[in-house]
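The values are calculated or read from the model by the stated rules, or taken from the named source; none is laboratory data. Quick caveat: nothing in here was measured; it's all calculated off a predicted structure. In this analysis, Cβ positions are derived from the backbone assuming ideal geometry, glycine residues included, and neighbour counts consider all displayed protein chains.
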Amino acid sequence: MQLVRNEFEEGEPVTLNQLYEILSKNPEVKIRPDVLGHRIRSAIYALHKSNKIMRVSDSTYKKVNNK
């Protein structure tokens, strides 16, 4: 989900709750709230496994700085 990836572009830590709030209020997202949570967690998992983001604390992730 590109919208999830975009939230990490500034390099600041992002929590899952922030992602839920941001994407649930986004008019481009036309997914039911119960499905949206699964999609967000799936996107986080994929980004984490591909080393695009890293976990910094409970439910908090940030972009990996690849120099």
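Structure values in brief
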read-out: Failed item, numbered, when TYR20 is tested on (1) at pLDDT below 95; (2) of a type in the set (Ser, Thr, Tyr); (3) more than 10 Å from the chain's Cα centre (by Cα); value: (3)
read-out: Hits in region 1-32 - residues which are part of a loop (DSSP other than H, G, I, E, B) and β-branched (Val, Ile, Thr); value: VAL29, ILE31
read-out: Flag if ASN6 is within 20 Å of LYS63 (Cβ to Cβ) and without any contact (Cβ under 8 Å) to a residue 24 or more places away in the chain; value: yes
read-out: Criterion (exposed (fewer than 10 other Cβ atoms within 10 Å of the Cβ) and not charged (D, E, K, R)) met by exactly one of ASN6, ASN26, ASN51, ASN17; value: ASN51
read-out: Region 37-67 - residue that is of a type in the set (Gly, Ala, Ser) and in a loop (DSSP other than H, G, I, E, B) and, of those, nearest to PRO13 (Cα to Cα); value: SER59
